[in-house]
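Data block below; observations after.
The values are calculated or read from the model by the stated rules, or taken from the named source; none is laboratory data. Predicted, not measured: the structure shown is a model, and the values here were computed from it. Methodologically, a virtual Cβ is constructed for each residue, glycine included, from the backbone with ideal geometry; neighbour enumeration extends over all protein chains shown. Ligands, DNA and RNA are stripped out before the accessible areas are found, and what is left, the full protein with its side chains, is counted by its heavy atoms. Shrake-Rupley method; radii C 1.70, N 1.55, O 1.52, S 1.80 Å.
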Amino acid sequence: MNKFEGSYLQGLIEQICNVFQQTVYCDEASRLVLAIWAACTWFPEQFDFFPRLYLVSVVKGSGKTTCLEVLNRVSYQPIPASSISEAAIYRILDKGFSTLLLDEVDNMGLDQRGPLLRILNAGHQKDGFAIRCGDSKQNFEAIRYKCSGFVAFAGIDGFITDTLLGRSIQINLVPRKKTPGLKRLSKVDSKLIDSIKHGLSMLRDNQTFLKHLKEFEPSELYQDRTQDNWEPLMKVAGVAGKALSSRLFEASHQLESNKAVDDEDVKIVLLTDIRRVFYDRNLIKIHTSRLVDCLSNLEDSRWSTYNRGRPLNTHQLTKWLRSFKVKTERIKADGKTSTGYRIEQFDPIWESYLPSQDPSK
């Protein structure tokens with residue numbers, strides 16, 4: 001592959017960023033990741049993993065549907081849907097690589113462990129497949145369906161399981177501010193979008209480019225599944241040039257730091273934030289209800305919107321802390337007696353699970 005092809009790909013990605021900048025209110029890191037993910041969908045045969053793209057917000061009207069509309073215009077063989085069954089997904093993907101764009105996943109039951117979730121999880125890898133029994137004409141024999149491919153889905157925060165979240169790159173969207181220049185997608189120059197698709201189509205037919213993309217080995221920036229999620233994007237950015245690769249590196253760290261944590265990690269984050277509450281306020285004991293309020297009011301905390309846009313509740317807090325064998329006690333604080341916790345209950349837990357450092361920092 002020559003430098004021209006790399007710079008040409010970078011130019012196409014910049015054009016996709018331009019479309020998102022015109023239509024969606026989001027930061028530069030999110031625009032870049034959206035653009036590179038869309039470019040990746042044109043070369044699915046060259047990747048071993050297919051990161052799900054999770055467009056999420058805590059409220060409606062944050063641009064999730066618009067993001068999907070843009071992806072529908074610039075992705076490879078897009079199939080948009082706001083209602084789809086697991087059978088439809090594996091039958092579509094079994095026919096060849098397509099880009100599924102799912103809206104309103106709040107109503108698809110992805111917060112529960114069901115067949116649709118299992119298909120989306122299995123399709124994260126290149127060799128992902130589903131096995132289903134055929135009908136009477138097929139003698140009820142087991143049939144293997146391919147289900148791997150790129151999938152983007154949009155919804156309100158909290159409506160997917162940790163297993164699917166772990167296979168996803170998460171884009172957090174917020175309600176649009178009064179930003180001059182934002183327009184409907186229908187008002188974007190159609191020639192720009194046609195130019196993007198034509199350029200990506202040409203690269204898809206370029207065997208020299210595809211060979212280089214297939215063989216390119218990105219740096220190991222993350223571990224395990226997080227590395228798998230970013231690998232296709234890092235490959236595309238890598239062949240486009242060092243400048244774009246460096247920008248993606250920074251963007252990935254920003255997005256990963258904002259990503260919701262899984263069930264095991266969330267307990268560690270909870271212990272860390274409880275320690276912050278005790279030390280920031282110089283407390284030796286605290287009522288359960290006040291601890292929940294303090295956690296929700298911490299700066300850069302997710303607890304205020306943890307329950308699908310609603311705050312963490314006392315039931316969740318006490319349940320998680322019981323898993324560390326920390327139980328509520330009757331305590332007197334702030335002039336009243338109620339259930340709560342003492343700091344000495346947490347000292348051995350903090351020592352075991354949290355890094356040894358000055359907790360005041």
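Odds and ends about this structure:
- Meets criteria (touching a helix residue (DSSP H, G or I) at 6+ places or on another chain (Cβ under 8 Å), crowded, with 17+ Cβ neighbours inside 10 Å, closer than 28 Å to Thr161 by Cα and modelled with pLDDT under 95) for Leu271: yes
- Residue count for the range 44-75, restricted to those that are more than 20 Å from the chain's Cα centre (by Cα) and farther than 16 Å from Phe20 by Cα: 2
- Pairs, first farther than 18 Å from Lys267 by Cβ in the range 323-343, second open to solvent by 70 Å² or more (accessible area, probe 1.4 Å) and β-branched (Val, Ile, Thr), C-beta under 8 Å, six or more apart: Arg330/Thr337; Ile331/Thr337; Arg342/Ile284; Ile343/Ile284
- Residue selected from the range 15-47 under the condition aromatic (Phe, Trp, Tyr) and part of a helix (DSSP H, G or I), by the criterion modelled with the lowest pLDDT: Phe20
- Of the residues making up the range 330-346, those that are at pLDDT 90 or above and surrounded by 12 or more Cβ atoms within 10 Å (Cβ to Cβ) are Ile331, Ser338, Thr339, Gly340, Tyr341, Arg342, Ile343, Gln345, Phe346.
The rows are residues; the columns are (1) part of a strand (DSSP E or B); (2) open to solvent by less than 10 Å² (accessible area, probe 1.4 Å); (3) not aliphatic (A, V, I, L, M).
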| position | (1), (2), (3) |
| --- | --- |
| Val56 | yes, yes, no |
| Gly61 | no, no, yes |
| Cys67 | no, yes, yes |
| Arg73 | no, no, yes |
| Arg91 | no, no, yes |
| Gly96 | no, no, yes |
| Leu116 | no, no, no |
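- Where a residue in the range 56-81 is free of Cβ contacts under 8 Å to residues at least 40 places away in the same chain and its partner, wherever it lies, is crowded, with 22+ Cβ neighbours inside 10 Å and of a type in the set (S, T, N, Q), with Cβ under 9 Å and at least six apart: Asn72/Thr99; Gln77/Thr41; Gln77/Thr99; Pro78/Thr41; Pro78/Thr99; Ile79/Thr99
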